[in-house]
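Here's the structure we're looking at; comments come further down.
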Amino acid sequence: MGFPEINSAVFFGSITMVTWGIWVVLGNAASESIDPRTAAAISYLVAAPFALGLILFSDASLSITVRGGLLAGAAGLFTGIGLISMYVGLSGGSTTIVSTIGAMYFVVAAIIGMVVLGDEVTLTRLTGISFAVIGVVLVTQ
């Protein structure tokens, strides 16, 4: 009997979920030990060479278009703002609250996808977003 095939989105989404959960807990501990902005910078100084190494030792394309480069750079800017905001939030607040509210980024992305990018708006998606918001409200109480 072989292993069942796993959808790659589910597989990598699961890795993201676990590693980001661990990242928040470690980031919280770091933010309690040193300045949260310094902790955020150290995190990225470790992450950047890891990502670059992955490019160099995989079959990733090194071809960059102007549009793709600008979009990736803008994404990095927002990632940096969110990262520093999370570390500062963790230094003065509860890991449960900061991480739960921060994890709502998918709701922001879903709304942008539906409003700006033309993704289909369905009752199921709107219900899911509503449940996510209710869940955050319950966890932060």
**Report entry** Checking GLY102 against (1) small (Gly, Ala, Ser); (2) in contact with a helix residue (DSSP H, G or I) (Cβ under 7 Å, 6 or more places away or on another chain); (3) exposed (fewer than 10 other Cβ atoms within 10 Å of the Cβ), the condition it does not meet
**Finding:** (3)
Query raised in the report: Restricting the search to the stretch 105-127, which residues are exposed (fewer than 14 other Cβ atoms within 10 Å of the Cβ) and part of a helix (DSSP H, G or I)?
Result: TYR105, PHE106, VAL108, ALA109, ILE112, VAL115, LEU123, THR124, LEU126, THR127
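So which of ILE64, ILE6 ends up being modelled with pLDDT under 90 and either in a loop (DSSP other than H, G, I, E, B) or among the basic types (Lys, Arg) (or both)? Show your work before the answer.
Numbers: ILE64 fails: modelled with pLDDT under 90.
Step by step, each of ILE64, ILE6 is checked, and only ILE6 is modelled with pLDDT under 90 and either in a loop (DSSP other than H, G, I, E, B) or among the basic types (Lys, Arg) (or both).
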Query raised in the report: Does SER43 qualify as being within 18 Å of LEU26 (Cα to Cα), touching a Phe, Trp or Tyr at 6+ places or on another chain (Cβ under 9 Å), among the polar types (S, T, N, Q) and assigned to a helix (DSSP H, G or I)?
Result: yes
Report summary line: Taking first residues from the stretch 113-131 that are farther than 21 Å from ALA103 by Cα and second residues anywhere that are open to solvent by less than 60 Å² (accessible area, probe 1.4 Å) and of a type outside the set (Gly, Ala, Ser), the pairs with Cβ under 7 Å that are 6 or more apart or on different chains are VAL121/MET114
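The values are calculated or read from the model by the stated rules, or taken from the named source; none is laboratory data. What you are looking at is a predicted structure, and each value in this text was computed from that prediction instead of being measured. Every residue, glycine among them, receives a Cβ derived from its backbone with ideal geometry; neighbour counts consider all protein chains shown. The area values use the complete protein model at the heavy-atom level, side chains included, leaving out ligands, DNA and RNA. Shrake-Rupley method; radii C 1.70, N 1.55, O 1.52, S 1.80 Å.
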